[in-house]
């Protein structure tokens with residue numbers, strides 16, 4: 001009775017082993033197969049997107065340190081001003097005390113009794129007491145202000161120390177960015193010239209198809225065609241950068257990353273805006289896409305990791321990614337998250 005069961009067990013085990021061998025062989029064969037160009041394109045997009053996300057995080061950390069340094073500097077300046085004023089008032093109070101000592105320190109009521117003009121003596125005594133009280137009040141207020149400022153400055157300095165440590169930790173992020181870019185460039189370098197041309201054609205077709213779908217909604221008939229004076233200045237600045245290379249973390253004048261270009265373009269137009277695409281999306285006024293006008297910023301991808309300057313006529317100027325130069329491209333060539341207006 002038990003022999004058939006044992007045979008059945010052996011057969012099941014053999015079948016399972018054969019299945020494992022076949023699965024492993026299939027997996028090895030699949031791994032050995034060269035990736036298709038579509039798969040290569042998807043991998044490149046993923047690597048460059050991850051690099052851009054890491055770049056934004058690094059830039060944001062750097063911006064926070066810079067802003068905190070300015071805050072600490074401002075607070076230190078206010079502390080020095082307060083201490084200087086406190087020293088001045090202390091000196092005046094000391095001079096007054098010394099003058100009273102030299103004059104014998106006669107009490108005000110005695111001066112009043114001995115004065116030939118009691119009314120004038122009373123006025124003088126009252127003014128002296130009032131001046132002393134005012135000085136004492138100022139000294140008290142300034143002492144309180146100095147202590148408060150020192151507390152705030154110490155807290156700000158501690159925060160600056162924390163941010164600097166965070167920025168140092170972002171060196172790991174820097175390495176991560178460089179690794180993503182290196183991996184993408186290595187993958188591209190392995191493609192033959194013909195494959196690179198085909199890859200570029202795939203990119204262009206995908207961008208053109210996305211743009212055609214977007215325009216088929218009639219969106220361009222709704223979007224504004226006239227930018228503000230500042231918007232035109234921002235566009236003029238950005239277009240003067242055409243052909244300059246994308247370099248992560250750069251904000252000119254010889255190279256830019258995506259948000260480096262948009263922030264510098266609007267700075268040239270007289271408006272200081274956040275440094276990173278995520279902060280531009282978070283802090284600038286959001287505008288419905290159909291209300292967009294030239295000069296506005298289009299934010300891309302669900303994580304707000306890319307930004308471009310809208311030029312009008314359905315086109316953008318942007319610093320696209322490592323290995324590419326600043327160029328003009330279709331506005332809907334990437335998934336649009338939304339639009340923000342720097343001069344709202």
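A short reminder: the numbers here are calculations on the coordinates, not readings from a lab. If you're wondering where the values come from, they're calculated on a predicted model, not measured in any experiment. Cβ atoms come from the backbone with ideal geometry, glycine included; neighbour counts cover every protein chain shown.
Numerical summary
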read-out: Gained length - residue 215 relative to residue 282, 0.36 nm times residue gap less alpha-carbon distance; value: 21.4 nm
read-out: Cα gyration tensor shape of region 188-344, rounded if a/c is under 1.5, else prolate or oblate by comparing a/b with b/c; value: oblate
read-out: Calculated FRET value between residue 136 and residue 76, using beta carbons and R₀ = 22 Å, to 0.05; value: 0.20
read-out: Tensor-based shape of region 282-321 (alpha-carbon gyration tensor, a/c under 1.5 rounded, otherwise prolate or oblate); value: oblate
read-out: Contour excess over end-to-end distance, with Cα ends at residue 195 and residue 271 and 0.36 nm allotted per residue; value: 23.0 nm
read-out: Modelled label reach - residue 203, point 7 Å along Cα→Cβ, region 50-72 residues with backbone N closer than 20 Å; value: 50-56
read-out: Computed label-point distance, nm, for sites residue 157 and residue 83 using a 7 Å Cα→Cβ extension; value: 1.0
read-out: Simple spin-label estimate for residue 313 and residue 242 in nanometres, 7 Å along Cα-Cβ; value: 1.0
